[in-house]
Amino acid sequence: MTLVGWYLRRGIPWTVLLGCCAAAAVMALLLERWPSSALLVLPAMLATCAAAAAFSFDEPSLPVVEVTPRGGSWRRAARLCAAGVPLVVWLLLVALRPGDLALSLGGWWLVGLAATALTAGLAGLASRHAVDTPGGSLAAAAVLAALSPVVICAFLGWSSPYPIGDFPPGVLAFWIAAAGVAALLCVTALCPAVRTGGAAVRTDRSAGDER
């Protein structure tokens, strides 16, 4: 077993992460039974996959692992790989076309990629700033962000950002932009943390030399 596999097997809260993925599979079964509920069930399925990605950076022993020889960047890169599990689940569930829906596979795959990567990127940033377990708060925020447009658009009569069938150009552009922001967040989360302790010491020494 590789070191990354050993670390991920013990460091990731798989029970919660895979539980969210199982909830997404239940949503797919509901969609198979009631295809007419797609405008509500598909966003709910997306929400559970995004919520699963939020737990990939939970690390209760963060103060200990941050000072290991491999460093925080290696740890966050390994955990970002775990965020690919809910993304793969989403890709498979959409590819199965539950309920025989005429889904735009490319568009819905893009939606899942953007949502899971945004959540994972935010979790990685929180971990980079010494938040050891951001999963619970981010999972709730991801579910709210995924489902609130359904309620708001239905209430105000606006077009849904989750259309069935082909994606309108404006909606597709929105999700492409969201995927770009998600990629930026993930790259930023993987960057080495800036340590200011040494700079502070050097500043103090400089001040002493001037005196």
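Throughout, read-outs are computed from the coordinates displayed, never taken from laboratory work. Bear in mind that the values here come from a model prediction, so they are computed numbers and not experimental data. Note that we place each Cβ from the backbone using ideal geometry, even for glycine, and neighbour counts take in every protein chain shown.
Shown in residue order for the stretch 169-184 are the 3J(HN,Hα) couplings computed by the Karplus curve 6.51 cos²θ - 1.76 cosθ + 1.60 at θ = phi - 60°: x, x, 5, 5, 5, 4, 6, 5, 5, 4, 5, x, 4, 4, 4, 5 Hz (x for Gly and Pro).
3J(HN,Hα) along the stretch 111-127, derived from phi through the Karplus expression 6.51 cos²θ - 1.76 cosθ + 1.60 where θ = phi - 60°, amounts to 4, x, 4, 5, 5, 5, 5, 4, 5, 5, x, 5, 5, x, 5, 4, 5 Hz, with x in place of Gly and Pro.
Rank the residues E59, E32 as a footprinting-exposure proxy: fewest other Cβ atoms within 10 Å of their Cβ go first.
Starting with the residue having the fewest Cβ neighbours, the order is E32, E59.
Residues whose amide H falls under 5 Å from that of S104, counting only those 5 or more places apart or on a different chain, are G165, with hydrogens built in the peptide plane.
Cβ-Cβ distance of A25 and A130, R₀ of 35 Å, FRET efficiency by 1/(1 + (r/R0)^6): the value works out to about 0.55.
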